[in-house]
Amino acid sequence: VEVLKGVRRGLDDLNLGDVRVIGATVAGVMFDGEAHTHGALCLCLASRLVRVQVAVAEGAQERPEDAVRDLLSKFNLEPESGINPRRNQWLLAFLPGHAAASTGAAGPDPLRYRPAEIATLLTEKTFGRLPMFGGAASGGLHPGLGFEFLDTQCYAGAVVAALIESDVAFGIGLNHGLVGTKSFYRVMDLKGDFRTFKQFEEGSPPEVIE
């Protein structure tokens, strides 16, 4: 918490306005080609071209599905809201890591390690249309309970995330290794999924391919 307060004071001294801070404790960080196990690494996302919302969903370690539902609701990304695949948005998320064994046994309980489950739920609930990056909290070099933080508040077993949006258009091309055929076909009809070609003006797909 003292580290977070120090970061907050440093940001306030720079008069940068409303700057939000999110992240998680980790076993170590890489910077300038060196590994550090006792320190903090800060990355700054700053642009007039992006909008950022932050939110926390507690209880993810014990109730991952409820936490994911809560997080998406705070970002207005519920399935019924109609997620637009053409919106330029990404999710930066820090997930809970290892948890102590519920039986009182020594060491963490691998059955309560939730990051993969939470990431899968986030993907399913957003229909795979929301690119995500981030990581899981760690308690140190040995598996242990880590912490997630939002501004100067620390949480255990929570999901802390930022929804990043931009109005600037972007595109991704998947054309490596493809060779043009110089053939053009006019699509006349699609199947019910609106993705499968049913009929070209030049003939049916099997006829055209042959």
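The values are calculated or read from the model by the stated rules, or taken from the named source; none is laboratory data. A quick note: this is a predicted structure, and the numbers were derived from the prediction, not measured. To get the accessible areas, we keep the full protein, side chains included, count just its heavy atoms, and leave off ligands, DNA and RNA. Shrake-Rupley method; radii C 1.70, N 1.55, O 1.52, S 1.80 Å.
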task: Kindly write out, for region 117-133 in residue order, the coupling ³J(HN,Hα) from the Karplus curve 6.51 cos²θ - 1.76 cosθ + 1.60 (θ = phi - 60°), rounded to whole Hz, with x marking Gly and Pro.
output: 5, 5, 4, 5, 4, 4, 5, 5, 5, 10, 6, x, 9, 10, x, 10, 8
message: With every protein chain kept in place and ligands, DNA and RNA left out, what is the accessible area per residue of region 1-56? Probe 1.4 Å, answer in Å².
response: 80 Å²
- request: Taking amide H positions as placed in the peptide plane 1.01 Å from N, state which residues far from LEU95 in sequence (5 or more) or on other chains have amide H under 5 Å from it.
  value: GLY135, ALA136, ALA137
field: If the convex hull is drawn through the Cα atoms of region 1-81, its volume per residue in Å³
entry: 161 Å³
field: ALA24 long-range amide H proximity, modeled H, under 5 Å
entry: PHE149
- line: Between PHE200 and residues 5 or more places away or on another chain, the pairs with built amide H atoms under 5 Å apart involve MET188
- prompt: For region 5-15, what does the Karplus curve 6.51 cos²θ - 1.76 cosθ + 1.60, with θ = phi - 60°, yield as ³J(HN,Hα) per residue in whole Hz, taken in order and with x for Gly and Pro?
  reply: 5, x, 4, 4, 5, x, 5, 5, 5, 7, 6
